[in-house]
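Before any comments, here is the structure.
The values are calculated or read from the model by the stated rules, or taken from the named source; none is laboratory data. Quick caveat, the model's predicted, so the values are computed rather than measured. Heads up, the Cβs are rebuilt from the backbone with ideal geometry, glycines too, and the neighbour counts pull from every protein chain shown. Only protein heavy atoms, including side chains, enter the accessible area calculation; ligands, DNA and RNA are left aside. Shrake-Rupley method; radii C 1.70, N 1.55, O 1.52, S 1.80 Å.
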Amino acid sequence: MDPVTFGVLTASDRASSWDYEDLSGPAISDFLSLAISNPFNIERRVIPDEQECIESALIELCDAGCSVIITTGG
């Protein structure tokens, strides 16, 4: 059985432009590491908070094989 892949998508204008560090995406990744004992992968994205960027990133994460996508920010 292949490991499940989780997508973690942070939509933030300032974090995507490196005005400040994204803290919520890593916090979600840390939580998954504590809550899930089976092997899994995480695909993370930090993008501007714009509808077109969000739509593209969601499609990209689905195409990358993510079974679950968790969003934060915006």
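Return yes or no: is L61 touching a residue at least 40 places away in the same chain (Cβ under 8 Å) and in contact with a Gly (Cβ under 7 Å, 6 or more places away or on another chain)? Against the criterion (touching a residue at least 40 places away in the same chain (Cβ under 8 Å) and in contact with a Gly (Cβ under 7 Å, 6 or more places away or on another chain)), L61 qualifies. If you go through segment 38-72 and keep only what is assigned to a strand (DSSP E or B), out of contact with any helix residue (DSSP H, G or I) (no Cβ under 6 Å at 6 or more places or on another chain) and open to solvent by less than 60 Å² (accessible area, probe 1.4 Å), you end up with just F40. Could you list, in sequence order, all residues of segment 6-37 that are open to solvent by less than 40 Å² (accessible area, probe 1.4 Å) and not in a helix (DSSP H, G or I)? Scanning segment 6-37 gives F6, G7, V8, L9, T10, A11, S12, D22. Here Y20 meets the list (1) touching a helix residue (DSSP H, G or I) at 6+ places or on another chain (Cβ under 8 Å); (2) within 13 Å of T72 (Cβ to Cβ) almost entirely, failing just condition (2).
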